[in-house]
Amino acid sequence: MADTISLARARRIALAAQGFTDRRPDGECNQRHLKRVLRHTRLLQIDSVSAVVRAHYMPAFSRLGPYRMSLIDEAASKRPRRMFEYWAHEASLLPVETWPLVQWRMARAADGHGIYSGLAKFGREKREFIERVFAEVDARGPLAASDFDGHQGTGGWWGWSEVKHALEWLFWAGRVTTHSRKPSFERLYDLPERVLPQTILAEPVPSPADAQRQLVELSARALGIATASDLRDYFRLAPADCYPRIDELVEEGALLPVAVKGWPKQAYLHRDARMPRKVGGRALLAPFDPLVWERSRAERLFGFRYRIEIYTPAHKRTHGYYVLPFRLGEAIVARIDVKSDRAGNVLRVVAAYSEPNAPDDTAAELAQELHLMAAWLGLDRVSVEPAGDLAPALAAAVEGAN
């Protein structure tokens with residue numbers, strides 16, 4: 001019979017697994033601190049929205065506090081290369097050690113499987129053109145799509161040119177990878193052998209089943225405690241690629257079947273999961289932070305119903321355009337719609353809402369974290385607009401913290 005774990009204990013396990021029990025550094029952060037974050041998160045999801053800051057920079061701030069964002073840029077573009085881009089939980093930055101574990105996904109993409117139908121069709125119909133684009137990268141890389149003559153497309157393909165489609169197909173297939181990005185965030189593509197460490201490229205490539213098992217195990221370490229669907233979602237594995245691997249990890253003893261009070265489905269505890277008696281600290285979370293990116297899990301763990309409303313018409317939004325959850329201790333106690341107003345040099349809180357049972361010090365703690373974030377972003381001040389039930393108390397706390 002599976003052990004039963006209280007919801008409060010499951011919450012602490014999840015927070016510890018994501019690195020929220022580690023103390024924030026007192027001094028300047030370095031690559032060692034970033035590596036510590038990645039040891040917990042296993043990846044950083046990339047997103048183009050930069051209402052506050054691009055999404056892949058936020059998880060490290062949530063765990064480390066103010067740090068030099070160029071640490072991530074250096075890890076993802078300088079030698080020795082520490083991170084690479086690929087499709088994991090959506091587009092992501094991953095530690096280079098993960099490269100062998102996604103070779104099966106690249107091989108499937110090259111065969112037209114596991115990628116969206118439009119790109120698969122393009123790969124079938126435009127193979128000669130793709131090879132011409134590859135030859136250009138081979139000869140002249142690193143190259144961006146905009147470095148090719150005639151790259152501008154019209155209509156269809158979401159406005160992508162054929163060059164961009166060819167580069168994206170080659171990227172999915174692992175034949176090119178991201179060398180770096182322009183200030184505009186446009187990718188520069190190059191060959192993996194000119195980007196990644198030779199020691200990584202020389203690593204044995206595991207079989208698909210072995211690689212999938214290792215990815216599931218990494219997911220379990222990152223989550224601490226999770227349902228099968230949570231484990232599958234972390235690296236976006238297909239059911240047939242994930243569920244048999246869970247059974248194998250249970251048989252090995254790496255995953256322990258447990259029940260969590262209030263969860264309707266079977267849960268799995270990683271055998272090395274930390275079980276702290278208490279979790280303190282605070283953190284503003286990006287919408288794409290692994291702690292909350294799987295919305296049903298965030299609701300199961302924290303009673304926090306969270307939806308991204310970026311693509312919702314403004315008049316239909318409940319909480320705002322770019323909403324950051326605020327964790328205080330073991331609970332998510334508030335959410336704020338926030339924007340970096342770079343022209344005005346201000347971090348602007350457009351709306352602020354408290355969660356049920358938020359403690360009395362929520363506004364004061366959130367105000368301190370907002371000032372910390374503003375300084376990290378190079379903004380002079382924080383302003384709070386009068387929208388949301390928490391706004392009046394937060395405005396007073398922000399003013400008092402100035």
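The values are calculated or read from the model by the stated rules, or taken from the named source; none is laboratory data. No experiment lies behind these values; they were computed from the predicted model shown. FYI the Cβ positions are ideal-geometry reconstructions off the backbone, even for glycines, and counts take in every protein chain you see. For the accessible areas, the whole protein counts, side chains as well, though only heavy atoms, and no ligand, DNA or RNA atoms are used. Shrake-Rupley method; radii C 1.70, N 1.55, O 1.52, S 1.80 Å.
Details
- Residues (in contact (Cβ under 8 Å) with a residue 60 or more places away in the chain and in a loop (DSSP other than H, G, I, E, B)) located in region 264-275: GLN266, ALA273, ARG274, MET275
- Where helices (runs of 4 or more DSSP H) fall wholly inside region 51-147, the ranges with 2 or more residues that are of a type in the set (A, V, I, L, M) and open to solvent by 10 Å² or more (accessible area, probe 1.4 Å) are 103-110, 127-140.
- Filter result (at pLDDT 70 or above and open to solvent by less than 70 Å² (accessible area, probe 1.4 Å)) within region 148-165: PHE148, SER161, VAL163, LYS164, HIS165
- Hits in region 40-58 (condition: under 22 Å from LEU15 (Cβ atoms) and among the small types (Gly, Ala, Ser)): ALA55
- Taken together, ALA75, ALA91 contain a single residue that is touching a Lys or Arg at 6+ places or on another chain (Cβ under 6 Å) and within 24 Å of PRO183 (Cβ to Cβ), which is ALA75.
- In this structure, LEU284 does satisfy being crowded, with 21+ Cβ neighbours inside 10 Å, in contact with a Ser or Thr (Cβ under 8 Å, 6 or more places away or on another chain) and either of a type in the set (Val, Ile, Thr) or within 20 Å of THR41 (Cβ to Cβ) (or both).
- Total residues in region 324-363, condition hydroxyl-bearing (Ser, Thr, Tyr) and in contact with an Asp or Glu (Cβ under 8 Å, 6 or more places away or on another chain): 2
- Applying a threshold of 8 Å to beta carbon distances and a minimum spacing of six or more residues, or different chains, the list of pairs starting in region 72-91 at a residue that is under 17 Å from HIS113 (Cα atoms) and ending at one that is assigned to a strand (DSSP E or B) and among the hydrophobic types (A, V, I, L, M, F, W, C) reads TYR86/LEU94; ALA88/LEU94.
- Scan of region 21-50 for residues that are closer than 17 Å to TRP87 by Cβ and part of a loop (DSSP other than H, G, I, E, B), ordered by number: ARG42, LEU43, ILE46, ASP47, SER48
- Residue in region 21-35 that is closer than 29 Å to ILE310 by Cα, at pLDDT 95 or above and under 13 Å from the mean Cα position of the chain (by Cα) present: no
- Pairs meeting the criteria (first residue in region 17-43 and farther than 17 Å from ALA283 by Cβ, second residue open to solvent by 20 Å² or more (accessible area, probe 1.4 Å), beta carbons under 6 Å, at least 6 apart or on different chains) are ARG42/LEU218.
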